[in-house]
């Protein structure tokens, strides 16, 4: 990727991560099998894709988990949920 191509991609993405839309700094994301550039991502999003196997299937499995978590319906972690009898607004 040339400097001009990089700058053109920054312009196309409004200087933001293609996923979370945060601003610079951005990494060049690429397909690790073909080396084809996909876009610019912040480090967190780039790492997230990598941790999910850098595949559509890995991201699909994570999405399926978020849409139908096996623990849904269980009690919240201690200290995380609203306590019984807690008022809606402070000072009540």
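Every read-out reported here was derived from the displayed coordinates using simple, explicitly stated rules and does not represent laboratory data. These figures come from a predicted structure and were not determined experimentally. Note: ideal-geometry Cβ built from the backbone for every residue, glycine included; neighbour counts use all protein chains shown.
Computed from Cα positions, the angle between helix 3-12 and the longest principal axis of the chain comes to roughly 40 degrees. On the basis of the beta-carbon distance and an R0 of 22 Å, residue 34 and residue 62 show a calculated FRET efficiency of 0.45. The tail of the calculated P(r) for the chain beyond 20 Å holds 57 percent of all Cα-Cα pairs. When shorter helices are ignored and each DSSP H run of at least 4 residues is given -39500 (n - 2.57), the per-residue value for the chain at 222 nm works out to -10000 deg cm²/dmol.
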